[in-house]
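Worksheet: one structure, shown below.
The values are calculated or read from the model by the stated rules, or taken from the named source; none is laboratory data. All of these numbers come straight from a predicted model, not from anything done at the bench. Using ideal geometry, Cβ is built from the backbone for each residue, glycine included, and neighbour counts are taken over all protein chains shown. The accessibility values were calculated without ligands, DNA or RNA, using every heavy atom of the protein model including side chains. Shrake-Rupley method; radii C 1.70, N 1.55, O 1.52, S 1.80 Å.
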Amino acid sequence: KENIATTRDGKIKFKTAIVAIDVGLKNNRIKNRLTTISITEKLTQKQLNDIGLSIKKFVWTSKNKYEYLKVTKDNRLLLGFGDLTVAKKHKKIEPEISHLKQINKFLKEIFPQLSTKIEYAWSGTYGFTSNYIPAIEIKDSVISVGGASSQLVCTITAKYLSDKLTGNSSSLDKFFWI
């Protein structure tokens, strides 16, 4: 049997498709978390030097709720915060006010000398499972993945699935159940 996926640009023949749909996977193990990202106005090179980010490009803390920031290519700070569990049907993208307050507090705590403003902010959901191991479902020639919770887990899951699809053994077998 030939498998064909139809996209807006045409048809694709495949043996096995991996569909990474995060919170879209209808699996009871997957919960939604709300997170918020914000972007500051552009910083000068002097401001970056003064706060020690002319070389370092990423800062995070796992204290309490996950907070992080990174320097963008155009010298802004991208700051993120939040892991508020929300209903599956949550679709609001307006910034979560409590998250914005925490982002501003985090920014002032680590860089009290920095005078900058948040120019943009938005909130969105991502999927997670209680043990942080993604839900993987196989139906015919389609593998669906959801609840991967982070870029690192997504990368590890992709490596695991590529090993399985190519018949290679994986040291990750003890973490995944497919």
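Some values worked out for this structure:
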{"read-out": "Selection within the stretch 1-43 - acidic (Asp, Glu) and either assigned to a strand (DSSP E or B) or crowded, with 18+ Cβ neighbours inside 10 Å (or both)", "value": "Asp22"}
{"read-out": "Residues of the stretch 107-133 satisfying the condition of being assigned to a loop (DSSP other than H, G, I, E, B) and either under 29 Å from Leu77 (Cα atoms) or free of Cβ contacts under 8 Å to residues at least 40 places away in the same chain (or both)", "value": "Phe111, Pro112, Gln113, Leu114, Ser115, Thr116, Lys117, Asn131, Tyr132"}
{"read-out": "Any hit, the stretch 37-56, residues being hydroxyl-bearing (Ser, Thr, Tyr), within 21 Å of His99 (Cα to Cα) and under 17 Å from the mean Cα position of the chain (by Cα)", "value": "yes"}
{"read-out": "Residue list for the stretch 77-124, filter: touching an Asp or Glu at 6+ places or on another chain (Cβ under 8 Å) and either surrounded by fewer than 13 Cβ atoms within 10 Å (Cβ to Cβ) or over 21 Å from Ile51 (Cβ atoms) (or both)", "value": "Gly82, Leu84, Gln113, Lys117, Glu119, Trp122, Ser123"}
{"read-out": "Sole residue being farther than 25 Å from Gly147 by Cα and at pLDDT 95 or above, chosen from Leu43, Leu53, Leu107", "value": "Leu43"}
{"read-out": "Top-ranked residue of the stretch 44-97 - restricted to ones that are in contact with a Leu (Cβ under 7 Å, 6 or more places away or on another chain) and part of a loop (DSSP other than H, G, I, E, B), ranked as nearest to Ser130 (Cα to Cα)", "value": "His90"}
{"read-out": "Filtered residues of the stretch 66-76 (kept if among the hydroxyl-bearing types (Ser, Thr, Tyr) and open to solvent by less than 60 Å² (accessible area, probe 1.4 Å))", "value": "Tyr68, Thr72"}
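Listed here are the residues, each with its yes/no results for (1) of a type in the set (Val, Ile, Thr); (2) within 24 Å of Tyr126 (Cβ to Cβ).
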site: Thr40; (1), (2): yes, yes
site: Ile51; (1), (2): yes, no
site: Trp60; (1), (2): no, yes
site: Gln102; (1), (2): no, yes
